[in-house]
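Contents: one structure, followed by commentary.
Please treat every number below as a calculation from the coordinates, not as lab data. For clarity, every value in this text was computed on a predicted model and none was experimentally measured. Cβ atoms come from the backbone with ideal geometry, glycine included; neighbour counts cover every protein chain shown.
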Amino acid sequence: MPSHGALFRPLIIVTACLLILTTSLNAQQQPPTSPTNKTQIVLLGTGNPPADPDRSGPATAIVVNGNAYLVDFGAGVVRRAKAAVADRGITALEPTNLRVVFVTHLHSDHTVGYPDLIFTPWVLGRRVPLEVYGPTGIKDMTAHIFEAYRADFESRSKQFAENLYTVGTFPEGRKVNAHEIKSGIVYKDANVTVTAFPTKHTMESYGYRFDTPDRSIVISGDTNPTQATIDACRGCDTLIHEVLTHEWLGKRPDFHNYAARYHTTTTQLAELASQAKPRLLILYHASIAWRPVVDSQRTRPEELLREMMTRYSGHVVVGRDLDVY
Ligand SMILES: [Zn+2]
Ligand SMILES: [Zn+2]
């Protein structure tokens, strides 16, 4: 018969693990930040297609010397940017300051905020065109959005002419310069060099590496594990990577084939990160929900963290909307 000690030991270990995981997640809760010249990563949206009120559609901001660079424009992107101003004090993310953006691929969960990003900052007074870099098709998507909102433009132009509005009067601020890219350096200015690398998803897709004066940041977009991601990072400062849990996949056999070809499990990401060796690994676009009431089938964040920490010994965090790193 086992002693009481032997019976309780597993319980103590499980409790200790839960405490560590809960502490890790709580440590991620962040206060407002003060203005800084250092590069900041602001997670504007860490979600995926489901309409999760706690996780906006995929959108990430890299802020360097008061300039904002976005990756993807999922649902809610402009309002999350304003939330980063209001709740985190990051004035670089005032909607009128949003003017350079990189798109990983043209799936709707990553692009459904595009009209918002074109028109809302313009109405609010953006004076310069939006510069958009992305795969083949981004030019067509842009042209179709302008066509779809023709009535809005005609109506607002008339009203601006009548001086009914004091803002939104800068025609340049409604323009978009859409650039269709290939792998390699796609953008460079005084703050940042941005390099695109191919990823493996259901369509033409890219990840991006940002080199700033103080950091190197790699973001995966949606992808199967690729050598290109490992090569893009190679000891980088921060890797932001998508991930699916085994726990969720266990409940969704219908998703197995698709996931095996086009996404990344915790086991695969642990392997990839062990080779890429980022100082910090941020999990985003994960198969989780922060609250069971939103989606009881999706994995709890602490379970995602447990899956990663049992497989990967590096520094890893579960990204949450409006986290700043
Ligand atoms: Zn996606
Ligand atoms: Zn996708």
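List of remarks:
- Ranked by how many other beta carbons lie within 10 Å on average, peptides 56-66, 184-194 from highest: 56-66, 184-194
- Cross-link pairs 82/182; 82/175; 139/182; 82/277; 82/139 - those with Cα-Cα distance over 25 Å: 82/182; 82/277; 82/139
- If you take all other residues with their beta carbon under 12 Å from the beta carbon of residue 249, and give Lys and Arg +1 and Asp and Glu -1, the sum is 0.
- Net charge contributed by nearby residues that have their C-beta within less than 13 Å of residue 137 (K/R +1, D/E -1): -2
- Counting every other Cβ atom within 10 Å of each residue's Cβ, 149, 284, 133 order from fewest to most as 149, 133, 284.
- Here the relative contact order of the range 74-129, from alpha carbon pairs under 8 Å that lie six or more residues apart, stands at 45 percent.
- Overall form of the range 33-318 per C-alpha gyration tensor (a/c, 1.5; a/b vs b/c): prolate
- Helix-derived mean residue ellipticity, 222 nm - over the chain, DSSP H n ≥ 4, -39500 (n - 2.57), to 500: -10500 deg cm²/dmol
- Cut-off under 5 Å, modelled amide H: who pairs with residue 316 long-range: 281
- Trypsin sites (Lys or Arg not before Pro) lying in DSSP loop within the range 57-155, provided at most 16 other Cβ fall within 10 Å: 127
- Euclidean distance between Cα centres, the range 78-114 to the range 245-296, Å: 24 Å
- Amide H within-cut-off set for residue 133, under 5 Å, with H built and near neighbours excluded: 101, 102, 103, 179
- For the range 183-192, 3J(HN,Hα) computed residue by residue from phi via the Karplus equation (6.51, -1.76, 1.60; θ = phi - 60°) reads 4, x, 5, 10, 7, 8, 9, 5, 9, 7 Hz, glycine and proline entered as x.
- In the chain, taking the dipole from charged Cβ atoms about the Cα centre, the farthest positive-side position among 217, 95, 260 is held by 217.
- Furthest towards positive pole of dipole, 114, 305, 57, structure part the chain, Cβ charges: 305
- Between the range 298-318 and the range 179-210, the alpha-carbon center distance in angstrom: 28 Å
- The chain, relative contact order in percent, only Cα pairs under 8 angstrom and at least six apart counted: 16 percent
- Relative contact order computed over the range 90-215 (Cα-Cα under 8 Å; 6+ residues apart), in percent: 28 percent
- Exposure proxy ranking for 290, 122, based on other Cβ atoms within 10 angstrom of each Cβ and starting from the fewest, stands as 290, 122.
- Counting DSSP beta bridges with both ends in the range 152-294, the antiparallel % (nearest 5): 60 percent
- Packing order of peptides 255-266, 234-245, highest average first: 234-245, 255-266 (average count of other Cβ atoms within 10 Å over each peptide's residues).
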